[in-house]
Amino acid sequence: MHQSLPIADDRHRKNARQRARQANLGRVLFLIASLAFVVVLLIQVLHASGAIATGFSDWRPVLYVYLVWGITFGLRQVLLHGERGWRALFLLPAVLFTVAVVIFPTLFGFYIASLDWNLSSLDGPRFYGLGNIIGLFHDTYYWNALRNMVFYTLAVLGEYAVAFGLALLLNADIRGRKFFRIVFLLPMMLSPVAVSWMIGKSLLEYRFGPAATLARNLGWDNPAFFASPWIARLSIEAMDAWVSIPFIMIILLAGLQAMPKEVLEAAKVDGANGWQSFWHVTFPLMLPVSITVLIIRIIFKLKLADIVINVTAGGPGGATDTVSSFIYRVYRDRSNVGYGTGLAMFYLLLIIVLLSLLMRLSHRWTQKVT
Amino acid sequence: MTILTASAATPAKRHHAALRAKRIVGRVLIYGALIVWAFICLFPIYWTVTTSFKSAVDVTQGHLIPWLDFQPDWKGWRSLGLSPDTILGTSNPREEFMSRFGNSIVTSVGASLLALVLGSLAAYGLSRFRYKFAWMRNDDILFFFMSQLILPPVVLALPFLVLYKALALLDTRFGLILLYTLTVLPIVIWIMRDQFNAIPVELDEAAFVDGLSVWGAFIRIILPLAVPGMVAAFILSLVLCWNEYFFAALLTSTDAKTLPVMVASQTGSQGINWWSMAALSTAAIAPLVVAGIFLERYIVSGLTAGAGK
């Protein structure tokens, strides 16, 4: 006991020395990697701007040094902080990846948005300041697309109502529930592009699509689904609803199944009929799940593009345009990279404002109800 | 007395009969609604699959039922080079189709795997340890990851176009994999965090007592228990990546084109070849329809991760 103390002390000192050496190694390695990153970046920037002749043919080496830098950063954490470093290693890859693939491109996007840059014109990018943003205020097509987005977003409520009904049906005491659940889920699996052809271009085809034939038999003698603005908008919305209702339905169904059975039975004992027990018990209990799924659905709805691009390309006269499909055409048809990015960035800001408002409102609302 | 009981029994019986009638009507309504919606879900798929076996006349006359209405024929599949009589010969459309199909598989599987690795690690960290990164704590970091979901593809598409051109990643599968990983990463983190939260921390602690390191405990003890969540996250990512169109349309041109881009590029041409389009669409959706039928359990569990809480 007496003798073991100095040994332990010695070992402790040795450990401390070793740890200090490791920490130094970590610092040095990280310093070298950072230096290499800066040097490669600098060489490439100078080369690209024409200041020096030597350099790489493309920017890919920068990607590789970033990767090496990230690895040494992780190594540094482990060597410097030991256990805490090992824990940080779980999070680091995802963070470094997201910074490289989201944060940097988004910032870069803000830069592009400040340029007057048309890929098809001969002179390259030119600084334009807020010109693109000012320009979009006079762009009637853009505002038209934004107005359409309001319609598409409000239509989420309709999708929600249908999905809630389906979830209630599936939650009822029925036979073959598994079969119906699989069938109801299928539309969600299909690619919107395939759906645009399957439904938009084939089922709803004016001359001999089955839906048009059915509509004719029902007495609508001119079943053009994409000719007049409102009908076209509704048709696009119907297709998007067809694809996305399963998602809302599945989440609501999970919420229904997690609901305590006693509450509904208590309502029945109190003499509530079906509608009353739904409106006063089920619906309020489902409110938190409903708001979550509505917000997720709105987030996805704001990205709506594939179906519009492939079925109507925004027509007739921009009636079905979404912001994404409009910007897609600004780029594809006019190669206007600077302006398109400006539109996208403005849209992003709008989305952020809208969603934070929505989240705050829903938060306050659920607190008041429960 | 006897009269009294008799008169009491009839209303009770009548009441009973009314209840039964109401129940039957309810049943009929429920099953009717279920069948109507099942029809709405299935008919477009049925229409597409059958159209790939129709000839021009059958399409224009709106024939619906094979063998009864029309004589099925391999027409659509022949134009893709996938019918029994052409499958052994050489066919350009088939080669193109197979290369697009391959691209779709490589990009969606690659992106899903990468997202699964990055996302599982981050989710485990967020579920078990407390981080502090500048002002950000665990909840903030989770919100940071989840907030990537709101980025519309248009915001990233054009910067990526310029960046990828500089990085020589335009029209490569690797470039698409990076982007797709990014789009599904928040979802994977969400599902996997839910999964890890459901595994008791005591298991980690027992592993530490047995002398395993943090990573040893994660890989040897926790990860095997998290397999159901990983399968769900993987399949859901696979579906999203397989169907992605926007980025693929902008960032690929010849080499790395995926299946949705191929389908979309065919619709543009005037005078659509109905049967070949139908065959192409059928082939594009078939893998996912099959996945939906057999892996429905995992898809549902992935979608509902954290919903019931």
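Exactly one of (1) within 13 Å of another protein chain (Cβ to nearest Cβ); (2) within 17 Å of B:I285 (Cα to Cα); (3) out of contact with any Pro (no Cβ under 8 Å at 6 or more places or on another chain); (4) of a type outside the set (D, E) is unmet by B:G32. Its number? Every listed condition holds for B:G32 apart from (2). Reported count of residues in region A:88-117, each being more than 7 Å from chain B (Cβ to nearest Cβ) and either under 17 Å from the mean Cα position of the chain (by Cα) or over 15 Å from B:V214 (Cβ atoms) (or both), is 14. Considering (1) farther than 20 Å from B:I40 by Cβ; (2) within 21 Å of the chain's Cα centre (by Cα), the lone condition that A:R207 does not fulfil carries the number (2). Only residues that are farther than 21 Å from B:A248 by Cα and either at pLDDT 85 or above or not in a helix (DSSP H, G or I) (or both) were counted across region B:78-115, and they come to 12. For B:G102, state whether it is surrounded by fewer than 23 Cβ atoms within 10 Å (Cβ to Cβ), under 24 Å from B:L288 (Cα atoms), in the same structural domain as B:N197 (by TED's automatic domain parsing) and within 21 Å of the chain's Cα centre (by Cα). Considered against the rule, which asks whether it is surrounded by fewer than 23 Cβ atoms within 10 Å (Cβ to Cβ), under 24 Å from B:L288 (Cα atoms), in the same structural domain as B:N197 (by TED's automatic domain parsing) and within 21 Å of the chain's Cα centre (by Cα), B:G102 comes out as yes. Restricting attention to region B:55-87 and to residues that are more than 30 Å from A:P246 (Cα to Cα) and within 11 Å of chain A (Cβ to nearest Cβ), the residue that is surrounded by the fewest Cβ atoms within 10 Å (Cβ to Cβ) turns out to be B:V57. Entry remark, region A:310-337: residues being among the β-branched types (V, I, T) and more than 10 Å from chain B (Cβ to nearest Cβ) number 2 in total. Those helices (runs of 4 or more DSSP H) of region A:157-234 in which at least 1 residues are more than 10 Å from chain B (Cβ to nearest Cβ), considering only elements entirely within it, cover A:210-217. Quick check: anything in region B:256-273 part of a helix (DSSP H, G or I), touching a residue at least 40 places away in the same chain (Cβ under 8 Å) and more than 11 Å from chain A (Cβ to nearest Cβ)? Scanning region B:256-273, I find no residue that is part of a helix (DSSP H, G or I), touching a residue at least 40 places away in the same chain (Cβ under 8 Å) and more than 11 Å from chain A (Cβ to nearest Cβ), so the answer is no. When B:L223 is tested against (1) buried (at least 24 other Cβ atoms within 10 Å of the Cβ); (2) more than 10 Å from every other protein chain (Cβ to nearest Cβ), exactly one condition is not met: (1). Note on region A:285-309: residues that are within 11 Å of chain B (Cβ to nearest Cβ), in contact (Cβ under 8 Å) with a residue 40 or more places away in the chain and of a type in the set (K, R) total 1. Of everything in region A:43-58 that is more than 14 Å from every other protein chain (Cβ to nearest Cβ) and loosely packed, with under 12 Cβ neighbours inside 10 Å, the residue that is nearest to the chain's Cα centre (by Cα) is A:G50. Looking at A:I134, is it more than 9 Å from every other protein chain (Cβ to nearest Cβ), at pLDDT 85 or above and surrounded by fewer than 14 Cβ atoms within 10 Å (Cβ to Cβ)? Spelling it out, it is not the case that A:I134 is more than 9 Å from every other protein chain (Cβ to nearest Cβ), at pLDDT 85 or above and surrounded by fewer than 14 Cβ atoms within 10 Å (Cβ to Cβ). Might you let me know whether region A:78-87 holds any residue that is surrounded by 15 or more Cβ atoms within 10 Å (Cβ to Cβ), away from chain B (no Cβ under 14 Å) and either touching a Ser or Thr at 6+ places or on another chain (Cβ under 6 Å) or touching a residue at least 24 places away in the same chain (Cβ under 8 Å) (or both)? Looking through region A:78-87, at least one residue is surrounded by 15 or more Cβ atoms within 10 Å (Cβ to Cβ), away from chain B (no Cβ under 14 Å) and either touching a Ser or Thr at 6+ places or on another chain (Cβ under 6 Å) or touching a residue at least 24 places away in the same chain (Cβ under 8 Å) (or both). Restricting attention to region A:126-151, and to residues there that are touching a Leu at 6+ places or on another chain (Cβ under 8 Å) and assigned to a helix (DSSP H, G or I), which single residue is farthest from A:F300 (Cα to Cα)? Result: A:N132. Checking the structure you have, find out if any residue of region B:206-219 is of a type outside the set (K, R), in contact (Cβ under 8 Å) with a residue 24 or more places away in the chain and more than 11 Å from every other protein chain (Cβ to nearest Cβ). No, region B:206-219 has no match at all. Taken over region B:154-176, the criterion of being at the interface with another protein chain (Cβ under 7 Å from one of its Cβ atoms) and over 16 Å from A:T341 (Cα atoms) is satisfied by B:A166, B:L167, B:A168. Residues that are within 23 Å of the chain's Cα centre (by Cα) and of a type in the set (A, V, I, L, M, F, W, C) number at least 3 in the following helices (runs of 4 or more DSSP H) confined to region A:238-335: A:283-301, A:306-311, A:323-334. Here A:R19 meets each of (1) without any contact (Cβ under 8 Å) to a residue 60 or more places away in the chain; (2) part of a helix (DSSP H, G or I) with one exception, condition (1).
The residues of region B:18-27 that are within 12 Å of another protein chain (Cβ to nearest Cβ) and within 19 Å of A:G176 (Cα to Cα), listed by number, are B:R23, B:G26, B:R27. Within region A:351-366, if we keep just the residues that are of a type in the set (S, T, Y) and under 12 Å from A:I291 (Cα atoms), the residue that is modelled with the lowest pLDDT turns out to be A:T366. The condition (being under 28 Å from A:L304 (Cβ atoms), within 13 Å of chain A (Cβ to nearest Cβ), among the aliphatic types (A, V, I, L, M) and surrounded by 20 or more Cβ atoms within 10 Å (Cβ to Cβ)) is satisfied by just one residue among B:L126, B:L151, B:L121: B:L151.
The values are calculated or read from the model by the stated rules, or taken from the named source; none is laboratory data. Just so it is clear, the model here is predicted, and its values are computed rather than measured. Virtual Cβ from ideal backbone geometry, glycine too; neighbours counted across all protein chains shown.
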